[in-house]
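Student: Handing you this structure, nothing more for now.
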Amino acid sequence: MLSVHDGDTITAVLDQGFGDTKEIVVRMLGVYAPELSQAGGAETRAFVARWLDQTTLAGTTYSHVVTTARTVRSDKEQTTLGRYVATVTNHDGSRNLNAEVMEFVAANGYGGGTGS
């Protein structure tokens, strides 16, 4: 991952194979984190950054899996405001960032953002 914008948006570097990489902005599917200007926004962003750091596979550059969502009647990736909509997991799929962010928001009583 390159950067964390807020609690539900990150910039990721995708390894497309054979040394080919692509940078994309990802909006986490089903995650409604508070905006940075709202109560809990900065804390949720910090939670996401810690999660990504803690789940990075030692000795690797690419250690998370980004699974993009598809539109209902298309083979195109779903996007919102120019961001890919996706689920983010650790390398072996045993942890799901989307679910853990929503748990963090609920456990701390933070209201969700706009859902966009």
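What follows is calculated from the coordinates using simple rules that are stated; it is not laboratory data. Keep in mind it's a predicted model, so treat the numbers as computed, not measured. Positions of Cβ are backbone-derived with ideal geometry, glycine not excepted, and every protein chain shown enters the neighbour counts.
Student: For the chain, what is the calculated [θ] at 222 nm in deg cm²/dmol (nearest 500), taking -39500 (n - 2.57) for each run of four or more DSSP H residues and dividing by its residue count?
Tutor: Calculated mean residue ellipticity at 222 nm is -7000 deg cm²/dmol.
Student: Here's something else I'd like to know. To the nearest 10 degrees, how steep is helix 41-54 against the longest Cα principal axis of the chain, on a 0 to 90 scale?
Tutor: So the helix axis and the longest Cα principal axis differ by about 40 degrees.
Student: Compute the signed sum of charges (Lys and Arg +1, Asp and Glu -1) over the other residues within less than 12 Å, Cβ to Cβ, of Q78.
Tutor: So the surrounding residues net to +3.
Student: Measure nothing but the geometry: give the 0 to 90° angle between the long axis through the Cα atoms of 97-107 and the longest principal axis through the Cα atoms of the chain, rounded to 10°.
Tutor: The two axes meet at around 10 degrees.
Student: Top mean-square fluctuation among V26, V72, V88, Gaussian network model of the chain, C-alpha springs under 10 Å?
Tutor: V72
Student: What value does the range 3-107 have for Rg/Rh, both radii from Cα atoms and Rh as Kirkwood defines it?
Tutor: Using Cα coordinates only, the ratio equals 0.96.
Student: Still on this structure, please answer the following. Indicate, rounded to the nearest 5 percent, the antiparallel portion of the DSSP beta bridges found entirely in the range 3-107.
Tutor: Bridges in the range 3-107 that DSSP calls antiparallel: roughly 85 percent.
Student: Here is a follow-up. At 0.36 nm per residue, and after removing the present C-alpha to C-alpha distance, how many nm does the segment from A58 to E77 gain when stretched out fully?
Tutor: Difference between extended and current length: 3.8 nm.
Student: For each of L2, L36, L97, count neighbouring Cβ atoms within 10 Å of the residue's Cβ, then give the residues from fewest to most.
Tutor: L2, L36, L97
Student: Please find, in a Gaussian network model of the chain (springs between Cα atoms separated by less than 10 Å), the residue of E43, E35, E77 whose mean-square fluctuation is greatest.
Tutor: The residue with the greatest mean-square fluctuation here is E77.
Student: Count charges around L57 for me, please; just the other residues with Cβ under 15 Å from its Cβ, Lys/Arg as +1, Asp/Glu as -1.
Tutor: Net local charge, L57 excluded: -2.
Student: Which order do L57, L14 fall in if you start with the one that has the fewest other Cβ atoms within 10 Å?
Tutor: By the 10 Å Cβ count, ascending: L57, L14.
Student: Next question. Show me, for the range 68-79, the HN-Hα J-couplings you get by feeding each phi into the Karplus relation (A = 6.51, B = -1.76, C = 1.60, θ = phi - 60°), rounded to Hz, glycine and proline as x.
Tutor: Result, rounded to whole Hz: 6, 8, 9, 5, 4, 10, 8, 9, 8, 5, 6, 10.
Student: Would you mind telling me which residue in T60, T80, T44 has the biggest mean-square fluctuation in a Gaussian network model of the chain, where springs connect alpha carbons within a distance under 10 angstrom?
Tutor: T60
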